[in-house]
Every structure is written in C-alpha cells, then in structure tokens.
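Shown next, in structure tokens, is the structure this report addresses.
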Amino acid sequence: MKIQSRATPRVLSGMRPTGALHLGHYHGALKNWVRLQSTHDCFFFVADWHALSTQHERRDDLEKNVYDMVVDWLAAGIDPEQATLFIQSRMPEHAELFTLLAMSTPTAWLERTPSYKAQTEADREPATFGFLGYPLLQAADILIYKAGFVPVGEDQAAHVEVTREVARRFNRIYGAGQPILPEPQELLTETSRLPGLDGRKMSKSYGNGIAMRDTPEATAEKIRTMPTDPQRVRRSDAGDPARCPVWPLHQLYTDEATRLQLDEGCRTAGIGCLDCKQPLIEAIQREQAPWRERADEYLNNPKQVHWIVEVGTERARAVARKTLREVRSAMGLNY
Ligand code: SF4
C-alpha cells in the first residue's frame, strides 16, 4: 500500500451502506473520490454505525450491503493502493473519541441539527440518543484522523461546522495552546445531482435508480419506460425538453452536438421519444461496462475484498490510536 507523505492533505469521507450503489452515488460522490485519491491521502469508510442511527432494527442485510458497497467503490476505480478503505464498526476508537468529545459538547449543539429538529417537530417516532449524537459521531470520525478536508456538495457545507466547533472547544479546554484536534475544512466539489427515473433525485428509498451494475438489458428497459414530457402524448405532438425528466440525464451523458439535434427533433416532433432515449441508453451502458467487469473480479474473489478492508482498517487504526493517545493525555487520562 502506498503511504502518502505527511505533506499530502488528508481527506475523510464516508458512505452509509445502502447496498448496491446507483448512478446518483457515482456522480454525486464516488467519481470525486476517484479523482481525490491521487492528490490526497484519502480515508474512505463504510458508515455502518451511522446507518443504525436511523435504522437500528434493520440488521439482516447489513453485512451484504457493506460488502456490496465496497465492491462498487472498487468497481468505480477506488484503488486500495492509493486510498485507505475501512469499516466504521471495526474501529471502536471512533466510539471512544465520541464518548470523550461528548463530555465537552453542549447538547444544544446537537439538538439544533436540522435533521434532529425535523424529527422531533414532526409527529414521528421519538428520536433515539444515537440519532441525536450522530453529528458528534461524525465529528469523531473526522477528527480521529486529523483530516484536513471533508468533501461536501454545495448544500452540505454546514455539516462540517459542528465538527469545527467541537474541535475548537476541545482545543480551548484541553489544548494548552496547542490545537490537538485540527479543524477540518470543507472541500467544495462540483458533483452532479442525478435525477432518478421519475424526475426526483435518484434515491434508493424512492426506488427510481439505475444501479451501477445493472445489466445492459435492465438499463435499457428502465430508460425506455421513463416518463417523458407529459404534454407529448402522441408521437406527432411537439415536446419541450425542459419539461422532460429524461433531459437532465442527456445533459450529463450526451455531447452537445447530439443534444442540439435531439432538442430540435423534440420541439418539431421530428423524432420519437424512443429515438431520443437511445443515445442515452448507449452512453450509460458504456459507462457501466467496465464497472461490471471489475466488480465481477471481486465478486468471484470475496476474500480479496475482505483482505482489502482488513488492510485498510489496520492502517486507519494506527492513525486513530495515535490521536487517541494524544486526546487521553490532554484530558489527563494517560494512566
Ligand atoms: S423527445 Fe426526448 S426530450 Fe422530448 S419528450 Fe421525448 S424523451 Fe423527452
């Protein structure tokens, strides 16, 4: 495994294990991870404890979801020689730092988290302690590796703020002038929010996704049956791409010259919707082909996947333990 030099800025990012990933995961995060791994010291982790903070009873498919997701990471081009891959629940060190940080973190900081407020205001099931503590666990995940950067989309910049506040307070109380836990920065990255088959955001919970490893047939069928401009009822009706849920996918996958032709064909009823969808189907199938090929190698050799995670977890543990020693010492717990 390539060990990055100490000057290489460290990036930390995690993903909840929701099973096989879809194109929205790839364009919204994974593609960026693949880019970052060659320029940063990347730590990517499976956030399985975080998954339990909202779905604590769902245990039957957890292990499968964890490894399906790791296979998708590898299939997308995450290179375990460059990046450190590990599973959160294999790292009790995160839980220890979470506990220690909890001692100095005001509850109000966690109660004002938008997702917690929404949960308590809506007349839903009462939030659990795990759900309340989720942003603090996230802070522990980041601070234990002294990550300099956390990749976020434009609308998530506030997420890192709690972590910074937690670090600042800890350093002020225990640091004696030394920043023991460096405050991370957001790494604002350009990612694409992919619409799903129904025009809403692509999401597993909406069931509107195209999986990274869908077969060519499944992909073609999903696109062919996608709704189009609702005002284009018959083939002879002129349409408007701005009203069509297929169009944002074209904007991501289709070159400009082809898009111009399709736009014209749609507005003049010169083409049918299936004609319009065909280049999109082919572009997505082209993107998926190498993912499926790489994934097959790992699926045929599950021990290799376990080994990759094992090596990554031990590497992460070495870093986490070093930070914990410093934290314990600063808190007077080094006895
Ligand atoms: S021709 Fe294309 S853009 Fe126009 S309505 Fe049909 S699928 Fe949508």
Difference of contour (0.36 nm per residue) and Cα-Cα distance, Asp255 to Glu282
8.5 nm
How large is the charge dipole for the range 213-293, taken about the Cα centre, if only the Cβ atoms of Lys, Arg (+1) and Asp, Glu (-1) carry charge, to the nearest 20 debye?
260
If one takes the longest principal axis of the Cα atoms in the chain, at what angle in degrees, from 0 to 90 and to the nearest 10, does the Cα axis of helix 62-76 lie?
70
Using the alpha-carbon atoms, what tilt in degrees (0 to 90, nearest 10) does helix 92-102 show relative to the longest principal axis of the chain?
70
Ignoring everything except DSSP H segments at least 4 long, calculate the 222 nm mean residue ellipticity for the chain; use -39,500 (n - 2.57) per segment, divide by total residues, nearest 500.
-15500 deg cm²/dmol
May I ask for the net charge around Ala238, where only other residues with Cβ less than 10 Å from the Cβ of Ala238 are counted and Lys, Arg are +1 while Asp, Glu are -1?
-1
So what J values fall out for the range 287-294 if you push phi through Karplus, 6.51 cos²θ - 1.76 cosθ + 1.60 with θ = phi - 60°, rounded to Hz, Gly and Pro as x?
5, 6, 4, x, 5, 5, 4, 5
Glu314 and Met103 label points (each 7 Å along its Cα→Cβ direction) are spaced in nm at 3.2
Counting only DSSP beta bridges with both residues in the chain, tell me the antiparallel percent, nearest 5.
10
Multiplying the sequence separation of Glu297 and Tyr335 by 0.36 nm and subtracting their Cα-Cα distance, what value in nm do you get?
8.9 nm
Inter-site label distance for Arg200 and Thr128 at 7 Å from Cα along Cβ, in nm
2.4
Taking the Cα centre of the chain as origin and charging only Cβ (+1 Lys, Arg; -1 Asp, Glu), how large is the dipole, in debye to the nearest 20?
740
If packing is taken as the average number of other Cβ atoms within 10 Å across a peptide's residues, how do 286-294, 135-143 rank, most packed first?
135-143, 286-294
Among Asn334, Ala51, Gln185, pick out the residue whose Cα is farthest towards the positive end of the charge dipole of the chain, where Lys and Arg carry +1 and Asp and Glu carry -1 on C-beta, about the Cα centre.
Asn334
Strictly over 25 Å apart at the Cα level, which of Lys64/Lys303; Lys64/Lys117; Lys146/Lys201 would you flag in this model?
Lys64/Lys117; Lys146/Lys201
Amide H within-cut-off set for Asp41, under 5 Å, with H built and near neighbours excluded:
Arg10, Val11
Taking +1 at the Cβ of each Lys and Arg and -1 at the Cβ of each Asp and Glu, which of Pro126, Met69, Gln278 sits farthest along the dipole of the chain towards its positive end, judged by Cα position relative to the Cα centre?
Pro126
Multiply the residue separation of Ala289 and His306 by 0.36 nm, subtract the distance between their alpha-carbon atoms, and state the gained length in nm to one decimal.
3.7 nm
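Here, each number is a calculation from the coordinates, and none is a lab measurement. Owing to the predicted nature of the structure, the values given are computational and were not obtained by experimental measurement. Heads up, the Cβs are rebuilt from the backbone with ideal geometry, glycines too, and the neighbour counts pull from every protein chain shown.
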